[in-house]
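See below for the structure under consideration.
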Amino acid sequence: MSATAPPTLLFLHGFAESREVWTDFTRPFPAGYRLLTPNLLGHGTNRAPVPDFSMEAQARYVAGYLDQKGAAGPVLVVGHSMGGYVALALAERYPDRLAGLALLNSTAYPDTDEKRQNREKNIGFVARHGLDKFMGSFVRPLFAPANRDRLPEALALLEDIGKATPEATIAGALRGMAARPDRTAVLRAAPFPVLLVAGKHDVAVPLADSVAQAALPPLGAALFLEGSGHQAYLEQPEPTRRAMLALAEAVFGG
């Protein structure tokens, strides 16, 4: 990275989310960091036609986005859930573009057969009943039981973003996630520091999977959150943010 280039953190949101989810989480970050928060293909205001919703296609889009933003040097990539799948695909294809990787409530494991079947069931549910009904039942279980009534604004934020997401994006992203391969080799071979953040009550990424993967990177660290489900950056923002900043300091210097 050149002497004039600011340390850059790239935040990749999850399925049926948008760049808006990072607003409150990133607000306290030091001004010396450059923060990039794109909308992934088909999400938020990124509404151009999407012929390919694979994680690889999303990673290619992110690489092009970095070029457009003039982020020539390696960046610290933070990926939540599906954003983590995209980050792993990016790391596999463009390892030199990463200075570090933080996986929030995400996994390098592929979908199980059961999870792939559930994704198809969700696509069918949306087709029959619409997005409003789907998001009304999809978001709440992502939070730890103790947080579901404690964080009504966070739940409403995710529901509103999800309801505004095109149905074609919902179906495409679900199938793109279902088709992704095992990328544990990316973690094992990572030449950069890797942080894994997991929630004890995460119904989407089993805690046991996170514990197993935390030991894979040569330069690895992990944060296991007792009071979090699948949305660590919303449920436990302060410890999650501290872990992110510690990683950034390790990657870019204090």
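Calculate what fraction, in whole %, of the accessible area of region 105-254 sits on carbon and sulfur atoms when a 1.4 Å probe is rolled over the protein chains.
Carbon with sulfur: 56 percent of the solvent-accessible area.
In Å, the Kirkwood hydrodynamic radius of region 114-254 over pairs of distinct alpha carbons?
16.8
Quick one: which residues, 5+ away or cross-chain, put their amide H under 5 Å from the amide H of A99? H built at 1.01 Å from N.
Residues meeting the amide H criterion: V75, L76, V77.
Please list the non-local residues whose amide H lies under 5 Å from the amide H of Q231, H modeled 1.01 Å from N, same-chain partners needing a gap of 5 or more.
Sorted by chain and number, the residues that satisfy this are A144.
Given the alpha-carbon gyration tensor of region 14-61, what are the semi-axes of its equivalent ellipsoid in whole angstrom, ordered largest first, with each equal to the square root of 5 times an eigenvalue?
Computed over region 14-61, the values are 24, 12, 8 Å.
Could you tell me the center-to-center distance, by alpha carbons, between region 87-118 and region 1-47 in angstrom?
17
Accessible area per residue for region 1-79 in Å², computed with a 1.4 Å probe and the full protein assembly in place, what is it?
That works out to 43 Å² for each residue.
How large is the helix-only mean residue ellipticity at 222 nm for the chain, computed as the sum of -39500 (n - 2.57) over DSSP H runs with n ≥ 4, divided by its residue count, in deg cm²/dmol to the nearest 500?
So the helix-based figure for the chain works out to -13000 deg cm²/dmol.
For region 107-254, what is the accessible area per residue in Å², given a 1.4 Å probe and the full set of protein chains?
47
From the backbone phi of region 40-46, what are the Karplus-calculated ³J(HN,Hα) couplings (6.51 cos²θ - 1.76 cosθ + 1.60, θ = phi - 60°) in whole Hz, Gly and Pro given as x?
Once θ is set to phi - 60°, the couplings for region 40-46 become 5, 3, x, 10, x, 8, 8 Hz.
Under 21 Å Cα to Cα from K200, which lysines show up? Leave out anything in the same chain fewer than 8 places away.
Output for K200: K115.
Amide H to amide H, which residues 5 or more places from G220 or on other chains are under 5 Å from it, using H placed in the peptide plane?
V194
How large is the Kirkwood hydrodynamic radius of region 57-168, counting all unique pairs of alpha carbons, in Å?
16.2
Please report the relative contact order for the chain, taking Cα pairs under 8 Å with a sequence separation of at least 6, and give it as a percent rounded to a whole number.
It rounds to 22 percent for the chain.
The values are calculated or read from the model by the stated rules, or taken from the named source; none is laboratory data. Only a predicted model underlies this, so the values are computations on that prediction, with no experimental measurement involved. Accessible surface is based on the protein model in full, side chains and every heavy atom, while ligands, DNA and RNA are left aside. Shrake-Rupley method; radii C 1.70, N 1.55, O 1.52, S 1.80 Å.
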